[in-house]
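The values are calculated or read from the model by the stated rules, or taken from the named source; none is laboratory data. Source: prediction; values computed, not measured. A quick note on method: Cβ atoms are made from the backbone with ideal geometry, for glycine too, and the neighbour counts reach across all protein chains shown.
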Amino acid sequence: MFARKVSALLKPDSLSEFASLMEHTILPWLRKQPGFLDLVILAVPNSREVTTISFWDDTANAEAYNTCGFPEAVEILKKLLDGTPHLKTFDVISSTRQEVARVQRSEPDHLRETASGDEVRVVRHENSLQ
């Protein structure tokens, strides 16, 4: 499983409109994307800072969204954003989702930086009591 975290500042008094656009426009479209699993939308209390975390079945599907869908989503939200969103990608180390399977790290040094932000290779995890 792979995660994309996007953080941004909203223009003043735009949280309600942001939440509505995310729920009624962006999320239905995301659900149709290959490999999309889930979306979490967070807002810092008494602040204009928001973060979304989307979960994908693998890196390839997340990267396909980054190339095609993410620019469209930013365009839809642009009127509400105060500045450029910051993207970070992650491999999911552990999850309570039942579908997550165990994988091995491909290299010990699993942190690398890209032009779009920091990337972390994710390791999948099976829930077990061992």
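List of remarks:
- Residues in the stretch 6-21 that are more than 13 Å from the chain's Cα centre (by Cα) and touching a residue at least 12 places away in the same chain (Cβ under 8 Å): Leu9, Leu10, Lys11, Pro12, Ser14, Leu15, Glu17, Phe18, Ala19, Leu21.
- Consider the stretch 25-68 and keep the residues that are outside any helix (DSSP H, G or I) and among the polar types (S, T, N, Q). The one that is surrounded by the most Cβ atoms within 10 Å (Cβ to Cβ) is Ser54.
- Any hit, the stretch 89-97, residues being farther than 27 Å from Ser20 by Cα, part of a loop (DSSP other than H, G, I, E, B) and at pLDDT 90 or above: yes
- Residue pairs meeting the criteria (Cβ under 6 Å; at least 6 apart or on separate chains; first more than 19 Å from Gln33 (Cα to Cα), in the stretch 68-90; second hydrophobic (A, V, I, L, M, F, W, C) and part of a helix (DSSP H, G or I)): Leu80/Phe18
- Filter pass, Met22 being surrounded by 17 or more Cβ atoms within 10 Å (Cβ to Cβ), modelled with pLDDT under 95 and of a type outside the set (S, T, N, Q): no
- Restricting attention to the stretch 20-44, the residues that are more than 20 Å from Met1 (Cβ to Cβ) and touching a strand residue (DSSP E or B) at 6+ places or on another chain (Cβ under 7 Å) add up to 2.
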